[in-house]
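Enquirer: Can you read through this structure? Questions will come right after.
The values are calculated or read from the model by the stated rules, or taken from the named source; none is laboratory data. Bear in mind the structure is a predicted one, so any value in this text is a computation, not a measurement. Reconstructed Cβ throughout: ideal geometry from the backbone, glycine too, with neighbour counts over all protein chains shown.
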Amino acid sequence: MSTVLVTGATGFVGGAVARALLAAGHRVVAWVRSPAKARALAGQGARVAAGDMRDPATYLPLVDEVDAVVHAAQLRVTGRLGPGKIRLLHQANHVMTDALARRCMSAGKRLLYTGGCFVYGDHGDDWIDESTPLTPSPLGEGDANEIARLRDRHEAGLDVVVLSPGFVYGPGGNFTTLFYDDARRDRLRCIGRGRNYWSCVHVDDLAEAYVLALTRAPAGATYNIVDDEPLRLREFVDLLADAVGGVAVRPVPAFLARLVAGAPAVTSLTSSYRVNNTKARRDLGWAPSYPTARDGIPPTLSALKRLESAASTAS
Ligand SMILES: NC(=O)c1ccc[n+]([C@@H]2O[C@H](COP(=O)([O-])OP(=O)(O)OC[C@H]3O[C@@H](n4cnc5c(N)ncnc54)[C@H](OP(=O)(O)O)[C@@H]3O)[C@@H](O)[C@H]2O)c1
């Protein structure tokens, strides 16, 4: 059993990874920005530590106390994602990734880095696998730069594994606040015709991939963590609206979406990511319990409804 530092452990991805590691019998140091949000994790046995991504002194000493690090923190920004905010996101991630990579390298610890499918950029109807060159969409530029640096550091001895999830859905995170809540209010929109592919993964399946990669991935490896069936954006939003029982999703032209969400976000969301998961299945023995969002969305909505009724009973 290992002791693992999980950054961003109150987040959608980091929280699921921390819970999955605990369930698999590992010890977890949950590094968070807001300890009050980590009470449930502490109750499940995690040790909680707090800090800020932009201040390495708040997390570097912890690296020496663990066997491996999962990096899943991401600077919290809200509203329209213009170039200035994206720069802040990338800068914060660079500070943290660079500091963690140096310390992991000098201390001989494994670093599991969270990338994303935005690093590949638009590939139309072509399939993407781990050998596809990184020609990122705007929101993937920061991760693509970090991954290139991590690959160089691996050549110099860093034990690093990169996991690149597709669009993560499940009860929580951006899926709830940006998709589910809008679908329930009949406010979900499809940008353009939605012919571009999205590769999705349920958050619990993603978390399981981290648990497996901790011990099974060879140093220096990269894995795309996506389910078996990329869906066109139009299919995905229709699937969600149907499951919620809402009205038909209306299209919104890209130029209008850019005004609301910012051009980099719209370009990234309307690019096409038809991603293959053969390598993770083969090397890690990973098998998503929800092979397609068609299987994973209904239980996700049931889980969200249970959470809502528990919250209303408590209040
Ligand atoms: N969600 C997806 O669909 C998806 C897809 C592909 C890749 N990813 C990648 O997965 C990673 C995590 O994403 P996520 O969806 O889990 O994001 P998230 O839910 O927003 O979680 C981000 C985490 O980082 C913490 N954080 C925010 N600002 C911080 C700061 N200044 N200092 C320290 N911690 C800070 C948050 O703390 P608070 O809870 O206190 O805000 C939270 O724990 C990111 O690298 C993202 O690019 C996500």
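Enquirer: Given the conditions (1) part of a helix (DSSP H, G or I); (2) surrounded by 18 or more Cβ atoms within 10 Å (Cβ to Cβ); (3) out of contact with any Pro (no Cβ under 8 Å at 6 or more places or on another chain), which single one is not true for residue 205?
Expert: (3)
Enquirer: Let me confirm something: among 115, 8, 45, which residue is at positive phi and under 19 Å from the mean Cα position of the chain (by Cα)?
Expert: 8
Enquirer: Could I ask something else about it? Given the criterion closer than 30 Å to residue 300 by Cβ, away from the ligand (no atom under 11 Å from the Cβ) and either without any contact (Cβ under 8 Å) to a residue 60 or more places away in the chain or part of a loop (DSSP other than H, G, I, E, B) (or both), identify the matching residue among 69, 119, 77, 29.
Expert: Among 69, 119, 77, 29, only 29 is closer than 30 Å to residue 300 by Cβ, away from the ligand (no atom under 11 Å from the Cβ) and either without any contact (Cβ under 8 Å) to a residue 60 or more places away in the chain or part of a loop (DSSP other than H, G, I, E, B) (or both).
Enquirer: Among the listed residues 287, 280, identify the single one that is assigned to a helix (DSSP H, G or I), modelled with pLDDT of 95 or more and within 20 Å of residue 201 (Cα to Cα).
Expert: Among 287, 280, only 280 is assigned to a helix (DSSP H, G or I), modelled with pLDDT of 95 or more and within 20 Å of residue 201 (Cα to Cα).
Enquirer: Moving on. Among all residue pairs at least 6 apart or on different chains, which show Cβ distances below 6 Å where the first residue, located in segment 165-185, is closer than 15 Å to residue 236 by Cα and of a type outside the set (A, V, I, L, M, F, W, C) and the second is within 12 Å of the ligand (Cβ to nearest atom) and part of a helix (DSSP H, G or I)?
Expert: The qualifying pairs are 166/117; 169/175; 170/203.
Enquirer: What are the residues in segment 184-209 that are away from the ligand (no atom under 12 Å from the Cβ) and of a type in the set (S, T, N, Q), if any?
Expert: Scanning segment 184-209 gives a single hit, 196.
Enquirer: Moving on to the next point. Tell me which residues, restricted to segment 50-66, are more than 8 Å from the ligand (Cβ to nearest atom) and in contact with a helix residue (DSSP H, G or I) (Cβ under 7 Å, 6 or more places away or on another chain).
Expert: Listed by number, the residues that qualify are 50, 56, 60, 63, 64.
Enquirer: Kindly check whether there is at least one residue in segment 46-61 that is modelled with pLDDT under 95, over 20 Å from residue 97 (Cβ atoms) and assigned to a loop (DSSP other than H, G, I, E, B).
Expert: No, the conditions are met nowhere in segment 46-61.
Enquirer: Follow-up. Using beta carbons and a limit of 8 Å, which pairs, at least six apart or on different chains, have the first residue in segment 126-152 and without any contact (Cβ under 8 Å) to a residue 24 or more places away in the chain and closer than 22 Å to residue 95 by Cβ and the second one away from the ligand (no atom under 12 Å from the Cβ) and not in a helix (DSSP H, G or I)?
Expert: So the pair list comes out as 134/121; 136/121; 148/134.
Enquirer: Restricting the first residue to segment 250-263 and requiring it to be in contact (Cβ under 8 Å) with a residue 60 or more places away in the chain, which pairs with a second residue that is assigned to a helix (DSSP H, G or I) meet a Cβ separation below 6 Å and a spacing of at least six or different chains?
Expert: 254/266; 257/266
Enquirer: Taking residue 27 as the residue in question, decide whether it is buried (at least 19 other Cβ atoms within 10 Å of the Cβ), modelled with pLDDT of 95 or more and not hydroxyl-bearing (Ser, Thr, Tyr).
Expert: Judged against the criteria, residue 27 is not a match.
Yes/no matrix, rows are residues, columns are (1) among the hydroxyl-bearing types (Ser, Thr, Tyr); (2) more than 13 Å from the ligand (Cβ to nearest atom); (3) closer than 21 Å to residue 231 by Cα:
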{"site": "141", "(1), (2), (3)": "no, no, no"}
{"site": "151", "(1), (2), (3)": "no, yes, no"}
{"site": "155", "(1), (2), (3)": "no, yes, no"}
{"site": "161", "(1), (2), (3)": "no, yes, no"}
{"site": "167", "(1), (2), (3)": "no, no, yes"}
{"site": "174", "(1), (2), (3)": "no, no, yes"}
{"site": "179", "(1), (2), (3)": "no, no, yes"}
{"site": "182", "(1), (2), (3)": "no, yes, yes"}
